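Okay, structure first, notes after.
Read-outs: derived from the displayed coordinates by stated rules, not from any lab. Just so it is clear, the model here is predicted, and its values are computed rather than measured. Note that we place each Cβ from the backbone using ideal geometry, even for glycine, and neighbour counts take in every protein chain shown.
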Amino acid sequence: MSTLRKKRGLSQRKVASDLQISQALLSHYENGAREPGLEFVCRACEYYGVSADYLLGRVDDEGDTASGALAMVRLRELAEELRELADRAEI
């Protein structure tokens, strides 16, 4: 993720602000100290305009969006399923 940010000439502070997380948390995601959740992955993919496969290192080509588009749909479905499970668990 830091490669994408640097390639676009963006600071951690700017990206963290735009993605509504702390700069420290973004740093942790970038250096592998913490794993981002599905919602953040979806937001980051939209922010950078890349597929989840690319963001997660599954493909090397930033423009490979065919499989990425399907992955984004599935990530959104999974995020919704997680929200529904969390809502049911609160009952």
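Can you classify the chain as rounded, prolate or oblate using the Cα gyration tensor, where a ≥ b ≥ c are the square roots of its eigenvalues, rounded means a/c under 1.5, and otherwise it's prolate if a/b beats b/c and oblate if not? In terms of gyration-tensor shape, oblate.
Using Cα-Cα distances under 8 Å and only pairs 6 or more residues apart, what relative contact order does the chain have, in percent? Worked out over the chain, it gives 20 percent. The dipole here belongs to the chain: it is taken about the Cα centre, uses +1 on the Cβ of Lys and Arg and -1 on the Cβ of Asp and Glu, and is about 520 debye. Helix 38-48 axis versus longest C-alpha principal axis of the chain: approximately 30°, rounded to the nearest ten. Computed over neighbours whose Cβ is under 11 Å from that of Ala16, the net charge equals +1, Lys and Arg +1, Asp and Glu -1.
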